[in-house]
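Below is one structure; the comments refer to it alone.
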Amino acid sequence: MSKTVICPGSFDPVTLGHVDIITRASKMFDKVIVAVLVNSSKTPSFSIEERIELLQDSTCGIENVEVVSFNGLLAEYCRERKVDAIVKGLRAVTDFEYEFQMALTNKKLNPMLETIFLTADADSMYLSSSMVREVASMGGDISNFVPKCVHQRIVERLNKG
Ligand code: PNS
């Protein structure tokens, strides 16, 4: 039976860590929906449209990936799209409590929905969008942190403020 999973996140902006998780999920499942969502506790630097475009360009070589965005609950969207599981990357113990809370909340809202955690690649263990934003906004080199094809756009955008 065909399996569809979703990789949700703020992706503000996409990092090599995100692309690693999406790529690995695309090899394990038939379809991967990458969802750019609102995290009500964060104020994003990039617009939803910008984040979608950066993700589309960063994953354009992966056939079974679709990038979407929607307002509302992830658990509800997964029900509508018949998503089998949420796939998230876990970087360190510090991620665990937050991710565990979201996984259990989503399971309560949609009992059919599983959450699968992939351990971050050793090279991406320390990476985060907030770190990318901070380094780039202070003129630092982010070429090791974001996909090559979107690097220049992210640098220019964060330099503009
Ligand atoms: O990359 P992030 O910011 O850690 O991702 C968090 C995100 C966007 C996946 C989460 O905030 C989310 O699912 N937002 C959509 C609204 C929702 O369903 N909230 C309840 C989550 S338990």
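Listing for the model above:
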| item | result |
| --- | --- |
| Residue (of M138, H151, N110) at the positive-pole extreme of the chain, dipole from beta-carbon charges | N110 |
| Residue-averaged [θ]222 nm for the chain, counting only DSSP H segments that reach four residues, each worth -39500 (n - 2.57) | -13500 deg cm²/dmol |
| Per residue, in Å², the accessible surface of the stretch 97-161 once ligands and nucleic acids are set aside, probe 1.4 Å | 66 Å² |
| Cα centroid separation - the stretch 1-59 against the stretch 82-131, whole Å | 12 Å |
| Residues of type lysines that K107 reaches as a straight line, Cα spacing below 22 Å, ignoring anything fewer than 8 places off in the same chain | K3, K31, K82, K88 |
| Net dipole in debye of the stretch 73-135 [+1 Lys, Arg Cβ; -1 Asp, Glu Cβ; about Cα centre; nearest 20] | 260 debye |
| Heavy-atom accessible area order for C7, C149, largest first, 1.4 Å probe | C149, C7 |
| Extension gain, N39 back to N71 (0.36 nm per residue minus Cα-Cα distance, nm) | 10.5 nm |
| Coarse-grained scattering of the chain at q = 0.13 Å⁻¹, given as base-10 log I(q)/I(0) from a Debye sum over alpha-carbon atoms | -0.59 |
| Segments 19-28, 90-99, 115-124 sorted - mean Cβ within 10 Å per residue, highest first | 19-28, 115-124, 90-99 |
| Accessible surface of the chain, 1.4 Å probe, proportion on carbon and sulfur as whole % | 55 percent |
| In degrees, nearest ten, helix 16-28 long axis to first principal axis of the chain (Cα) | 30 degrees |
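The values are calculated or read from the model by the stated rules, or taken from the named source; none is laboratory data. Note that the structure is predicted; figures quoted are calculated from it, not measured. Positions of Cβ are backbone-derived with ideal geometry, glycine not excepted, and every protein chain shown enters the neighbour counts. Just the protein is used for accessible areas: all its heavy atoms, side chains included, with ligands, DNA and RNA removed. Shrake-Rupley method; radii C 1.70, N 1.55, O 1.52, S 1.80 Å.
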